[in-house]
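These notes concern the structure reproduced below.
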Amino acid sequence: QVQLVESGGGLVQAGGSLRLSCTASGSGFVINTMGWYRQAPGKQRELVADIAGRDTTNYADSVKGRFTISRDYNKNTVYLQMNSLKPEDTAVYYCNANTLILRLYRNLEVWGQGTLVTVSS
């Protein structure tokens, strides 16, 4: 069983910064891609950024140049450094991992419980 636990959300003023963390726990799996999605009230969940391998990254246009995703392989942890935050970044942020379950040799997508980021103007 793979679990993702997120931390780091909170309330920040526009222009401020936050760092989100997400750690995968469990056994018998390998993580392929990890990423962050977000869902604002009344909107669909959207990709913010993801990382494949150690450094192949992908960002939504709306966060390019402001957010940075990184990964610590040894800790099974992915980070999202968010700078120059805007009110429109307000959302619940979800961690996502595409894993390979070794016992079944099957891919499994796993989601965290979400962490709220609120940016005040």
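The values are calculated or read from the model by the stated rules, or taken from the named source; none is laboratory data. Computed from a predicted model, the values in this text were never measured in an experiment. With ideal geometry, Cβ positions are generated from the backbone for all residues, glycine too; neighbour counts draw on all protein chains shown. Accessible surface is based on the protein model in full, side chains and every heavy atom, while ligands, DNA and RNA are left aside. Shrake-Rupley method; radii C 1.70, N 1.55, O 1.52, S 1.80 Å.
Between LEU11 and GLN81, 0.36 nm times their residue separation minus their Cα-Cα distance comes to what?
Stretched out fully, the LEU11 to GLN81 stretch lengthens by 23.7 nm.
Among CYS95, LEU85, VAL117, which residue has its Cα positioned farthest towards the positive end of the charge dipole of the chain, with +1 placed on the Cβ of Lys and Arg, -1 on the Cβ of Asp and Glu, and the dipole taken about the Cα centre?
CYS95
Please list, ordered by chain and number, the residues whose modelled amide H lies under 5 Å from the amide H of THR33; skip anything fewer than 5 residues away on the same chain.
Those lying under 5 Å, H to H, from THR33 are ASN98.
Quick one: with all protein chains in place, what share of the accessible area of the chain is carbon or sulfur, to the nearest percent (1.4 Å probe)?
46 percent
Give me the dipole magnitude in Debye, nearest 20, for the chain about the Cα centre, with unit charges on the beta carbon: positive for Lys and Arg, negative for Asp and Glu.
I would put it at about 140 debye.
In the chain, what percentage of the DSSP-assigned beta bridges are antiparallel, given to the nearest 5?
In the chain, approximately 90 percent of DSSP beta bridges are antiparallel ones.
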